[in-house]
Amino acid sequence: MERRSLLGSIITTILVTPSETLASETLDFSLPSYDEASKNKIIDPDIESVNKAIMQKAKKDREIVQNTEKEKETRALRKAEKEVSTDLEALLAQAEIERKAKIEKEKEEARANRMNTF
């Protein structure tokens with residue numbers, strides 16, 4: 001029972017207490033003046049070093065993007081070269097087959113002509 005009454009008194013205190021009183025207790029914080037804040041180097045960082053770091057990071061990001069684009073272009077070029085190479089090999093193979101067929105045809109014609117000459 002004591003537990004309920006203690007809990008009830010806490011709830012009534014919270015509900016009855018105006019929000020302005022709670023707000024005034026929590027708003028005691030104030031920001032320091034600029035002169036006080038500028039004395040602290042953590043709050044006022046060296047702008048040049050921050051800008052330099054940002055620029056270096058941006059440059060690395062651009063290089064990564066450029067590298068991936070270059071890699072894509074390189075892959076596409078290699079694929080095209082491979083296709084051309086495959087096509088060239090096929091053409092060479094076809095030319096070899098045609099050459100052999102032509103030689104065989106010439107041999108047969110030569111044999112036929114020899115027989116006709118006698």
Next item on the list: Scan the stretch 45-70 for residues that are part of a helix (DSSP H, G or I) and open to solvent by 90 Å² or more (accessible area, probe 1.4 Å) and report the count.
Entry: 14
Check: Under 8 Å by Cβ, and 6 or more places apart or on different chains, what pairs join a residue from the stretch 103-117 that is in contact (Cβ under 8 Å) with a residue 40 or more places away in the chain with one that is in a helix (DSSP H, G or I) and aromatic (Phe, Trp, Tyr)?
Finding: none
Item checked: Matching option when the condition is under 43 Å from the mean Cα position of the chain (by Cα), at pLDDT 90 or above, assigned to a helix (DSSP H, G or I) and not basic (Lys, Arg), among 37, 93 -> 93
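The values are calculated or read from the model by the stated rules, or taken from the named source; none is laboratory data. Every value quoted in this text rests on a predicted model; they were computed, and no experiment measured them. So basically every Cβ, Gly included, is an ideal-geometry build from the backbone, and we count neighbours across all protein chains shown. Note: accessible area is taken over every heavy atom of the protein model, side chains too, but ligands, DNA and RNA are not part of it. Shrake-Rupley method; radii C 1.70, N 1.55, O 1.52, S 1.80 Å.
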